[in-house]
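Colleague: So that we are looking at the same thing, I have put the structure below in structure tokens.
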Amino acid sequence: MDYPNDQAPGAPIRSGIPEHGRIPKYYAVKARIAVLLDELGEGGLLPTERELALRHEVSRETVRQALRELLLEGRLRRQGRGTVVAGPKLEQPLSLASYTEGVRRQGRRPGRHLIGLDRFPCPEALAAEIEVERGEPVWHLERLLLADDERVGLESTYVGVARAPDLDTAFDPDSSFYAYLHDRLRIAFGDADERIETVLATPREALLIGTPPALPMLLIHRLSRDADGRPLERVRTLFRGDRFSFSTRLRGAERR
């Protein structure tokens, strides 16, 4: 197989064009618009659908399909009545580092907005995960995740009231929960199990995050343990698929 000299690492081979060379019309338009995005740069205003259709001699529906894919991929974003070039995706490490640390490392300003903090008797399934008695009180902390005031995710945290008894009065919901546990309660994190899947947001979640229901989301389930190996928290976090990517470092297995 021939590779172009300017093939970027991680880019689709042959720019996604099949060996027989026949590609859908919208995809060809999408590739041309992608070149235009690089020329415009972040924040650049995209021409209207009508202008793009005339420029590429295709129908507006063909242009609309190309733009729809670029929006879902995070290359574009809506701004007012127009469409502009989006910035790079936020890269979140798959580690016990908090969301705050991950966003700050990329020069963005992290933030959170409290949706609700509720106390309720722990149901059986959750009790088994965080190792508390069924009916024992637990907190549910739900917050919007922000990056430079842009809504990028939704986080639900469940923790036993016995582990954080004053969460409703001593914790600033706009701050890092991990920092609160470590600095205020002197709880050290040990390890965690995580599972990632792709989902669509529910109507409520899409409304809170401010995205179309059809936008793919990255869903992370996390069960964290303290330094003694005791379950500490159960977290369900939705991240916008068009604004986030995740990274980790893999180590070689030990040989015996």
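Colleague: What tally of residues in the range 145-154 results from selecting those that are modelled with pLDDT of 90 or more and surrounded by fewer than 20 Cβ atoms within 10 Å (Cβ to Cβ)?
Modeller: The number of residues fulfilling the criteria is 2.
Colleague: Any residue in the range 184-197 that's in the same structural domain as residue 231 (by TED's automatic domain parsing) and touching a residue at least 12 places away in the same chain (Cβ under 8 Å): show its pairings with residues that are among the acidic types (Asp, Glu) and surrounded by 13 or more Cβ atoms within 10 Å (Cβ to Cβ) at Cβ separation under 6 Å, as long as the two are six or more apart or on different chains.
Modeller: Short answer, once both residue conditions are applied: 187/226; 190/226.
Colleague: Given the options 60, 50, name the one that is touching a helix residue (DSSP H, G or I) at 6+ places or on another chain (Cβ under 7 Å), at pLDDT 80 or above and under 22 Å from residue 215 (Cα atoms).
Modeller: 60
Colleague: Can I ask one more? Any residue at all in the range 229-242 that's free of Cβ contacts under 8 Å to residues at least 40 places away in the same chain and surrounded by fewer than 18 Cβ atoms within 10 Å (Cβ to Cβ)?
Modeller: Looking for residues that are free of Cβ contacts under 8 Å to residues at least 40 places away in the same chain and surrounded by fewer than 18 Cβ atoms within 10 Å (Cβ to Cβ), one finds at least one in the range 229-242, hence yes.
Colleague: Would you pick out the residues in the range 49-58 that are surrounded by 14 or more Cβ atoms within 10 Å (Cβ to Cβ) and either more than 15 Å from residue 70 (Cα to Cα) or in contact (Cβ under 8 Å) with a residue 24 or more places away in the chain (or both)?
Modeller: Selection gives 53, 55, 56, 58.
Colleague: OK, next. Test of understanding: among 208, 185, 200, which residue is on the phi < 0 side of the Ramachandran plot and modelled with pLDDT under 90?
Modeller: Answer to the check: 200.
The values are calculated or read from the model by the stated rules, or taken from the named source; none is laboratory data. In this text, all values refer to a predicted model and were calculated from it rather than measured experimentally. So basically every Cβ, Gly included, is an ideal-geometry build from the backbone, and we count neighbours across all protein chains shown.
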